[in-house]
Each structure stands twice: as C-alpha cells, then as structure tokens.
Amino acid sequence: MVGGLVLDEAPNNTRNLFHGAPHLKEAALHIASLPPKVVSSIGLLYLHQREFAVTLPHDKNVSIIGTDDCVTCIIVVIRHTGSGAVCLAHLDGADQENGISQLISRVQEVSLGYPSGRLELHLLGGFMDSRDYSEHLVIHLLHAFHKEPLELDLVLACVGEMNTSVRGNLAWPNVYGVGVNVKTGEIFQATFPDKGPELALRSARLLTSSTHLMDVYDCTLGLMRIGPFHYPPLRGIDLWLEQTDDFIIFQLSSAPDAEVPHFTSKVRTALKYIGDNPFPAVTTFLENRPKYYRRDESNSWILVRY
C-alpha cells in the first residue's frame, strides 16, 4: 500500500515508485537533508548486517535501535501503529523472502494484546551504484513485501535516486546509517561509534557461509542473543591479511568507491577472529548455546549465562 492505495503489483524500478508517489519523494528528500546524529551507547541496540531486532516502546533497556555502514544494503523499519512495536533490519539480499516473513511475524507476535493498528514500512539506504546492486535489492524487497498477505503501508523510501549524490563524477549514498527512537517512532540519520558486543564475531558471519537473518534481541527478557552459528574453516586467512586495503575493498565491497573508511579494518578484525576460532562450536558457542548479554547498572551490555 502506498498513500492509502493498494498496489496491484510492485513497481519494477524505483523511478516508477517515486513517479507514482510524490509524497515518498518529499519524505526522502527531507530525511536525506538532515545531518546524521552521533548516537551514544546509552540505551542503544546496534545491529550489524544480516541482523534484525524487534522491541516495544516500554522497553527499559532499549530506547534506540540503529545500524550504519550501509552502502548498497537496505535498512528496513516496520512499525505497528497500535502497539508501537518497532522492527529494524539491515538487509543485503540474503534470506530475503523468508526473512521478510520473519520480520512481520515477530512484529505481530510482540503486538498481541495491544490495540489493532496498521504496519508502516520504511526503506532507507542503497543508492544508484554502478553495478545496480542496490536497485535490484530494493525491487526484490518490494516484491517480497507485496507477496505478504498482510497490508503494509510504505510511508518512507529513501532509496535509489533519492538516496544518491554525485561528487567528483562518482555516485555516493546520502544515508549510511539510521536510528529509530522506539518510544516515539522517530527515524533519523545516525552514526554509531559503539557497535555493541562481539563486533569481530558478528562481522565474521559476513565472510562465511551464514546467510540467514539473525534475531539478536528478546525484548521480553531484555537480552541480546548472538548465535549460535557455525562456519567451515577458512583457508588462506594469512594471505588475505597480507593484502593491501585497496585489494580488500575491491575484492569484498559491493561498491568500492563509496565504501566506509573503516571497511578494511572491520574485515581484518573478522578474518583474525575466524583464524583464531576456526571451530566456533568449540571455542565460542559452548554446548551449541547462544551468547547472551544483559544491560548492567552502567548501561553496558555484559555477558551473562542464561
């Protein structure tokens, strides 16, 4: 649904989407024009690529859900207007259709017992990259949402041409990161110096065969939940670590010219972790159990046994 009208079919490109819905264009221009807020770790639930989380406004542990380092990926926000439940996901095309159904189901699940409402959909990130990676991802997402039996009202789409600036003959995304105030539903551009616990472990998922979306938070218990997941031993790690930053960017980034400055350091950290932990079932996820984190009195995520 766009502008109160149910679409017979999903658009085949983002230009057609904006042509038929000028209000989406205006909303995208507005959020793209605002400077990003630097968000502290207090009350923050930070998500990495291929992760999602759902929570409610009365959550005493989380006041902001956010993610950044989004170049060709798409950030999906779903909000239930009755319960105020908010879902945020950082998607790169992996596990797409199953993942979309999972996001919607989790929002419905936590909204049981609250007043009825509609589902608002917000899409942010991605740009007119030279490989059209983002464009294909957006269109596939729109088609996946269109297949869902429940109606979703697309109220923001800061994607494609509306999220692209040209500087020095190169296209760049306007929005790299997004935060959501779970109390009010406000969505804003953001950067996050604190990426949450287990940065190396969570980054390692992207360099291995783990392609499913990971739900990293239980809002009922107030617990972050990482894993369990497994990957085969990765050969040639030392050789990868010997390569230049330029080589790593051009081999592993979907948009090398527009990549974030710390991309290579994040990759190197993940590679070192995989090298030190070739069998995570033995060294990381003991007894095949997740790693759980809870807020302590200083508002930091601390490892707990659950």
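The values are calculated or read from the model by the stated rules, or taken from the named source; none is laboratory data. As the structure is a computational prediction, the values presented were derived from the model and not from experiment. Every residue, glycine among them, receives a Cβ derived from its backbone with ideal geometry; neighbour counts consider all protein chains shown.
So Arg235 passes all but one of these: (1) under 30 Å from Thr164 (Cβ atoms); (2) assigned to a loop (DSSP other than H, G, I, E, B); (3) out of contact with any Lys or Arg (no Cβ under 9 Å at 6 or more places or on another chain). Which condition number does it fail?
With (1) under 30 Å from Thr164 (Cβ atoms); (2) assigned to a loop (DSSP other than H, G, I, E, B); (3) out of contact with any Lys or Arg (no Cβ under 9 Å at 6 or more places or on another chain) applied to Arg235, the lone miss is (1).
Counting only residues that are more than 30 Å from Thr269 (Cα to Cα) and of a type in the set (Gly, Ala, Ser), which one in the stretch 163-198 is farthest from the chain's Cα centre (by Cα)?
Filtering first and then ranking leaves Gly168.
Any residue in the stretch 142-162 that is touching a residue at least 60 places away in the same chain (Cβ under 8 Å), on the phi > 0 side of the Ramachandran plot and within 15 Å of the chain's Cα centre (by Cα)?
First, pick out the residues of the stretch 142-162 that are touching a residue at least 60 places away in the same chain (Cβ under 8 Å): 142-143, 145-146, 151-162.
Subsequent filtering for residues that are on the phi > 0 side of the Ramachandran plot retains 160.
Applying the additional criterion that residues be within 15 Å of the chain's Cα centre (by Cα) yields none.
No, the stretch 142-162 contains no residue that is touching a residue at least 60 places away in the same chain (Cβ under 8 Å), on the phi > 0 side of the Ramachandran plot and within 15 Å of the chain's Cα centre (by Cα).
Please go through the stretch 160-191 and pick out each residue that is touching a Ser or Thr at 6+ places or on another chain (Cβ under 8 Å) and more than 18 Å from Leu91 (Cα to Cα).
Glu161, Met162, Ala171, Trp172, Asn181, Val182, Lys183
Of all residues in the stretch 242-268, which are surrounded by 15 or more Cβ atoms within 10 Å (Cβ to Cβ) and of a type in the set (Ser, Thr, Tyr)?
Ser253, Ser254, Thr264
Going through the stretch 251-306 one residue at a time, which ones are hydroxyl-bearing (Ser, Thr, Tyr), in a loop (DSSP other than H, G, I, E, B) and either free of Cβ contacts under 8 Å to residues at least 60 places away in the same chain or in contact with a helix residue (DSSP H, G or I) (Cβ under 9 Å, 6 or more places away or on another chain) (or both)?
First pass over the stretch 251-306, keeping only residues hydroxyl-bearing (Ser, Thr, Tyr): 253-254, 264-265, 269, 273, 283-284, 292-293, 298, 300, 306.
Remaining after also requiring in a loop (DSSP other than H, G, I, E, B): 253-254, 284, 298, 300, 306.
Scanning the stretch 251-306 gives Ser253, Ser254, Thr284, Ser298.
Before we move on, is Leu201 surrounded by 18 or more Cβ atoms within 10 Å (Cβ to Cβ), closer than 21 Å to Val71 by Cβ and either of a type outside the set (Lys, Arg) or within 17 Å of the chain's Cα centre (by Cα) (or both)? I'd like the intermediate steps shown before the answer.
On the way: surrounded by 18 or more Cβ atoms within 10 Å (Cβ to Cβ): yes; closer than 21 Å to Val71 by Cβ: no; either of a type outside the set (Lys, Arg) or within 17 Å of the chain's Cα centre (by Cα) (or both): yes.
Spelling it out, it is not the case that Leu201 is surrounded by 18 or more Cβ atoms within 10 Å (Cβ to Cβ), closer than 21 Å to Val71 by Cβ and either of a type outside the set (Lys, Arg) or within 17 Å of the chain's Cα centre (by Cα) (or both).
Cβ-Cβ distance below 6 Å, separation of 6 or more or different chains: which pairs start in the stretch 185-213 with a residue that is under 25 Å from Val38 (Cβ atoms) and end on one that is assigned to a loop (DSSP other than H, G, I, E, B) and acidic (Asp, Glu)?
Matching pairs, first to second residue: Thr191/Asp68; Phe192/Asp68.
What about Ala144, is it surrounded by fewer than 19 Cβ atoms within 10 Å (Cβ to Cβ), modelled with pLDDT under 90 and aliphatic (A, V, I, L, M)? Show your work before the answer.
On the way: surrounded by fewer than 19 Cβ atoms within 10 Å (Cβ to Cβ): yes; modelled with pLDDT under 90: no; aliphatic (A, V, I, L, M): yes.
When the stated conditions are applied, Ala144 does not pass them.
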